[in-house]
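The values are calculated or read from the model by the stated rules, or taken from the named source; none is laboratory data. None of these values were measured; they are calculated from a predicted model. Note: ideal-geometry Cβ built from the backbone for every residue, glycine included; neighbour counts use all protein chains shown.
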Amino acid sequence: MDGIDETTRTELEAAVFRRLVSHLQGRTDVQNIDLMNLAGFCRNCLSNWLKDAADARGLALGKDQSREHVYGMPYDEWKARHQSEATPEQAAAFAAKAETH
């Protein structure tokens, strides 16, 4: 992003992150295992990366807090409402790629 100052770049990247999180909150039909199989990351990865970024800055952000931010609700509630059991095909695809994640 040539010609864009660091502050603006950070603001743009933050806006993209917020839009991605919002999009994933609205797409509860998309399972995490599908995201992992197709893209190599899922909602849990995003919440872990958020926590890692907070940790790197010395900020207190717990795993549950980072997950709630990404999921838009407590993780256990999201799982109960939206997570289904992985199909044998999904589990096999995940296992075949597991060493690359």
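Quick check, is Ala86 outside any helix (DSSP H, G or I), surrounded by 11 or more Cβ atoms within 10 Å (Cβ to Cβ) and over 15 Å from the mean Cα position of the chain (by Cα)?
Judged against the criteria, Ala86 is a match.
Select from region 89-101 the residues that are modelled with pLDDT under 80 and either surrounded by 10 or more Cβ atoms within 10 Å (Cβ to Cβ) or within 18 Å of the chain's Cα centre (by Cα) (or both) and list them in ascending order.
Passing the criteria: Ala98, Thr100, His101.
I'd like to check something: does region 71-81 contain any residue that is in a helix (DSSP H, G or I) and closer than 16 Å to Phe17 by Cα?
There is at least one residue in region 71-81 that is in a helix (DSSP H, G or I) and closer than 16 Å to Phe17 by Cα.
Looking only at helices (runs of 4 or more DSSP H) that fall completely inside region 1-67, which ones have 2 or more residues that are touching a residue at least 60 places away in the same chain (Cβ under 8 Å)?
32-39
Yes or no: Thr28 under 22 Å from Glu85 (Cβ atoms) and either exposed (fewer than 13 other Cβ atoms within 10 Å of the Cβ) or touching a helix residue (DSSP H, G or I) at 6+ places or on another chain (Cβ under 9 Å) (or both)?
In short, yes.
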